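The next block holds one structure in the form of structure tokens; read it before the comments.
The values are calculated or read from the model by the stated rules, or taken from the named source; none is laboratory data. Predicted, not measured: the structure shown is a model, and the values here were computed from it. For neighbour counting, all protein chains shown are included, and Cβ atoms are generated from backbone atoms with ideal geometry for every residue, glycine included.
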């Protein structure tokens, strides 16, 4: 495999064709996108939130490339739950907007359903719920319970180096 220089990698990324943005609620586009996940990229910084959303590049059944911007809460949660991988077939359905907002002052949510053509579900550690935004420290409730249960267990015997005592295992 020929290695590309850093400049070539940067140029390839800048010149990449991510396809047409799939925004079925604002454009005359299909409400259901069926295709194959090709890649993921990070989008530009949002002028409103300051965040850089992920973009999923999908090639539909007719060979057209679409970019699905993961910047709507319901769509992001669907992708987090399903974890579509490059090469997997995917169906994304836009189901319209919810009837009312989830909280006062908010707009009604855009609703999506994501289905992956996969024989087996991914392991649980890949689909664990996201860590709350307030903390960057992972929380593992099961591990915390194990620590609490282990607090009453006496320490193990220490075997000094150089002794002839046989190890217990």
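Quick check on residue 108: is it without any contact (Cβ under 8 Å) to a residue 24 or more places away in the chain, touching a strand residue (DSSP E or B) at 6+ places or on another chain (Cβ under 7 Å) and surrounded by fewer than 15 Cβ atoms within 10 Å (Cβ to Cβ)? Spelling it out, residue 108 is indeed without any contact (Cβ under 8 Å) to a residue 24 or more places away in the chain, touching a strand residue (DSSP E or B) at 6+ places or on another chain (Cβ under 7 Å) and surrounded by fewer than 15 Cβ atoms within 10 Å (Cβ to Cβ).
With respect to (1) in a strand (DSSP E or B); (2) free of Cβ contacts under 8 Å to residues at least 60 places away in the same chain; (3) more than 27 Å from residue 119 (Cα to Cα), the lone exception for residue 96 is condition (2).
Under the condition of being assigned to a loop (DSSP other than H, G, I, E, B) and surrounded by 15 or more Cβ atoms within 10 Å (Cβ to Cβ), the residues counted in region 39-82 number 4. The residues of region 15-38 that are part of a loop (DSSP other than H, G, I, E, B), under 22 Å from residue 117 (Cβ atoms) and in contact (Cβ under 8 Å) with a residue 40 or more places away in the chain, listed by number, are 19, 22, 24, 31.
Table: residues versus (1) at pLDDT 90 or above; (2) under 22 Å from residue 25 (Cα atoms).
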{"residue": "56", "(1), (2)": "yes, yes"}
{"residue": "70", "(1), (2)": "yes, yes"}
{"residue": "79", "(1), (2)": "yes, yes"}
{"residue": "87", "(1), (2)": "yes, no"}
{"residue": "106", "(1), (2)": "no, yes"}
{"residue": "122", "(1), (2)": "no, no"}
{"residue": "133", "(1), (2)": "no, no"}
{"residue": "136", "(1), (2)": "no, no"}
{"residue": "153", "(1), (2)": "no, no"}
